Amino acid sequence: MPSFVEGTRYVFRVRALNSFGWSDWSGESHGKDLGAAALLAKTQQVGIVLAVTMPIGIVVLCIVALLAVVCGKYRTTLTIHVT
């Protein structure tokens, strides 16, 4: 799809294709300003990325913390006695 210019009104016509063939074209839609919609879509994409990556990051952080605790618990100190 093209880049939409904010403040420009766009009009659409659509038609469907099914097993019987193409439908007639619809009537024209009411004019829509899609610039604001495009900006909203970009904002929602950021939200989706954060919604997916944040839980993954939290799980990785928990695993690292658990490994640090487990490794710290079983860590031994080597003592060398020199005579």
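When the stretch 17-40 is filtered for residues that are at pLDDT 80 or above and surrounded by 11 or more Cβ atoms within 10 Å (Cβ to Cβ), the ones remaining, listed by number, are 23, 26, 29. What do you reckon, is residue 61 surrounded by 10 or more Cβ atoms within 10 Å (Cβ to Cβ), part of a helix (DSSP H, G or I) and modelled with pLDDT of 70 or more? Against the criterion (surrounded by 10 or more Cβ atoms within 10 Å (Cβ to Cβ), part of a helix (DSSP H, G or I) and modelled with pLDDT of 70 or more), residue 61 qualifies.
Reported count of residues in the stretch 64-83, each being modelled with pLDDT of 70 or more and polar (S, T, N, Q), is 0.
The values are calculated or read from the model by the stated rules, or taken from the named source; none is laboratory data. The model shown is predicted, which means the values in this text are computed figures rather than measured ones. Methodologically, a virtual Cβ is constructed for each residue, glycine included, from the backbone with ideal geometry; neighbour enumeration extends over all protein chains shown.
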